[in-house]
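Read through the structure below, which is laid out as structure tokens, and then see the notes.
The values are calculated or read from the model by the stated rules, or taken from the named source; none is laboratory data. This structure is a prediction, so every number in the text was calculated from the model and none was measured. Note that we place each Cβ from the backbone using ideal geometry, even for glycine, and neighbour counts take in every protein chain shown.
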Amino acid sequence: MPVSTIEWAGRLGGHVRMVDQTRLPLELAVIECRTVQEVWEAIRHLRVRGAPAIGIAGALGAVLAVQDSPAGTVEAFEDELRTACAYLATARPTAVNLFWALDRLQRTAAQHRHLGVLALKDRLLAEALVILEEDRAMCRRIGEAGAGLLRDGQGVLTHCNAGGLATADYGTALGVIYRAHEQGKSLHVYADETRPLLQGARLTSWELMQAGVEVTLICDSAAAEVIKEGRVQAILVGADRIAANGDTANKIGTYGLAVLAREHQIPFYVAAPASTFDLATACGEAIPIEQRPGEEITEGFGRRTAPHGVRTYSPAFDVTPARLITAFITDRGLLWPTFAEAIQRVLI
Ligand code: MRU
């Protein structure tokens, strides 16, 4: 990435700096968030998006919320932190990384309450930065773990954006592609445009072109034909939440690709860090699915493309059943079926 997707500017007393992804690919604009409300707004409106990046934004947003707290006691400080985390948790419901990061900050505060309010503020900023750095390292390990699954000359189809823009750096699904590319494999990536917000068109194709990876942008509805023509030997996507049995929520349209992969007998891989596995959620039906405003379909990017008054339905994510997934590519290695057991063994 030419600039960091998201970072903390300065020390305690600083602020959050992030790429405004709504302006890509026309403009690589960086915004500064100085209040927790600005971070909430950035998450809600997808200025920062992608499960791991949302988690990092949540953690940094919580620090912003409490760094100037006038609380005189640790109890009052913890109350403020709890309120801020509860607020940030309302920004988007599906990516579990947000809740995972907010829980982690609150647990850190509980473990270090003996430090007192002033030192706790420093400790929370340090923890949020550890979350960011860990994500960077996890993506590299995912890339390393998965690159061997891709062979020279293959066509790989991906959906939405699971790249450096969706993480601290490098990406999950795209991390695997970047690593294979670094190993000298020549891959041809087919990027679904990803209606309605076009993360594939605006972000994935931009990222891959920056990295010098060969990429062809296709309409979502072209995926079946492109696969039938024999152009794709593997499908590789990221995840927003993986239930304990392996059922996986990812960008709307992912489930259809998994069905296509099964029909055409090509592998369907999901790349994700440990922070995207939600062991408290037993199966896919229990994953909350975000509903997006209909205007994103009827007048996306400022141009009306449907009649006024038409009814819409716009789930932002779908759930791919575990039985359609060939393997998970994680920072702790590859997980093969049976996933419920593999997840327990590797991730606990
Ligand atoms: O709505 P978005 O753009 O936040 O959705 C993102 C995705 O669905 C990604 O595929 C997922 O978060 C994986 S990111 C490494």
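Once the range 29-75 is narrowed to residues that are charged (D, E, K, R) and away from the ligand (no atom under 16 Å from the Cβ), the residue that is nearest to residue 317 (Cα to Cα) is 38.
When 95, 59 are screened for being outside the structural domain of residue 171 (by TED's automatic domain parsing), within 20 Å of residue 35 (Cα to Cα) and either modelled with pLDDT under 95 or of a type in the set (A, V, I, L, M) (or both), only 59 passes.
In the set 293, 273, 337, only one residue is assigned by TED's automatic domain parsing to the domain that holds residue 234 and in contact with an Asp or Glu (Cβ under 7 Å, 6 or more places away or on another chain); that residue is 273.
The condition of being assigned by TED's automatic domain parsing to the domain that holds residue 182, buried (at least 18 other Cβ atoms within 10 Å of the Cβ) and either outside any loop (DSSP other than H, G, I, E, B) or of a type in the set (Ser, Thr, Tyr) (or both) does not hold for residue 216. For the range 1-51, the strands (runs of 3 or more DSSP E) that sit wholly inside it and include 1 or more residues that are in contact with a Cys (Cβ under 9 Å, 6 or more places away or on another chain) are 15-19.
What's the total number of residues in the range 236-254 that are more than 9 Å from the ligand (Cβ to nearest atom) and farther than 23 Å from residue 347 by Cβ? Result for the range 236-254: 1. Each residue in the range 79-120 was checked for being part of a helix (DSSP H, G or I) and either within 16 Å of the ligand (Cβ to nearest atom) or under 30 Å from residue 242 (Cβ atoms) (or both), and 24 pass. Against the list (1) out of contact with any strand residue (DSSP E or B) (no Cβ under 8 Å at 6 or more places or on another chain); (2) away from the ligand (no atom under 13 Å from the Cβ), the condition residue 231 fails is (1).
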